[in-house]
1. Grab every C-alpha pair in region 1-66, bin the distances at 5 angstrom width from 0 up to the longest one, and report whole percents.
2. How are the C-alpha pair distances of region 1-115 spread across 5 Å bins, as whole percents from the shortest bin up?
3. Between Leu94 and Val161, how high is the FRET efficiency from 1/(1 + (r/R0)^6) when r is the Cβ-Cβ distance and R₀ = 30 Å? Nearest 0.05.
4. Label-point separation (nm) for Leu11 and Arg66, each offset 7 Å from Cα along Cα-to-Cβ?
5. From the phi angles alone, apply the Karplus equation (6.51, -1.76, 1.60; θ = phi - 60°) to region 52-63 and give each ³J(HN,Hα) in whole Hz, x where the residue is Gly or Pro.
6. On the full set of protein chains, 1.4 Å probe, figure out the accessible area of Trp7 and give it in Å² to the nearest 10.
7. Test of understanding: extend the Cα→C-beta vector of Val39 to 7 Å, then name every residue of region 169-183 with backbone N under 16 Å from that spot.
8. In square angstrom, rounded to the nearest 10, how much accessible surface does Tyr182 have for a 1.4 Å probe?
Amino acid sequence: MRNPMFWTVGLTGACYGMAMALVLSGIQLYVRYSLGLPVGNALYLQGVVILVSAGGLVVWTRVVARRGALWTWRLAFAVLAAGFAALFFATDLLTAIAAGMLVGAGWSGMLATNDLIVARVLDADAARNGEHREGLFLSAFGFFGRLNGIVTGLALTSLGVFFGYNSGDDPGADPGLAFRVYLCAYPFVLTTIGAIAARLISVPVETPPEAAEPVEPPPPGPVDESPVERPR
């Protein structure tokens, strides 16, 4: 698809999606190995992140209304990256929950803005080409979501290569550090790349009038007759 904005926004948004995929797949082992707590405590950490992200939508939508979707998107990326950095240094459930609240705030901001940025891409394309191609673009954006499984698989493989973690029966010498890297360091790198890329991306601030106005059907007449040639 020959649309640079599509690729830049799609790959930048994928950084956020891949980071959250790592979190969802590794949080229980992070609690078990990195925090040294029973796996059941992952429920409290997950619950806090979800509650903060749900409640934060109210705040983030107000920020969007005041500062715009692009500015807010960039800020949400930075907050999410900071949350992963804080989570790396958590030593117990309390500090992990505090860091998880920051992760939840960043996640909430991404939920509030990511689709708005995609909508700007669709509107700009409609204004430029004179036709709406939302179905094509949304299907293509789904491709970036498929990258989550690839990145998760590579991240798990890297734990065996770098830390000797192969399974629960063969966790290697330092599984705690292994899952700090998996759940915190890898997502931090991904969201930092996303935050930097978001600073370089420019999208239309609002819907172009050409995209907002419905296309009027041509006036009735013979198919091969041009509207310019039709007598008035």
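1. For region 1-66, the binned pair fractions read 3, 14, 14, 16, 17, 14, 11, 7, 3, 1, 0 percent.
2. Result returned by the calculation: 2, 12, 21, 22, 17, 12, 8, 4, 2, 1, 0.
3. 0.35
4. 3.4
5. Whole-Hz 3J(HN,Hα) from phi for region 52-63: 5, 5, 5, x, x, 4, 4, 5, 5, 5, 5, 5.
6. 100
7. 169-171, 176, 179
8. Approximately 0 Å² of Tyr182 is accessible to the 1.4 Å probe.
The values are calculated or read from the model by the stated rules, or taken from the named source; none is laboratory data. Small disclaimer: the values here were computed from a predicted structure and weren't measured. Positions of Cβ are backbone-derived with ideal geometry, glycine not excepted, and every protein chain shown enters the neighbour counts. All accessible areas refer to the heavy atoms of the entire protein, side chains included, with ligands and DNA or RNA removed. Shrake-Rupley method; radii C 1.70, N 1.55, O 1.52, S 1.80 Å.
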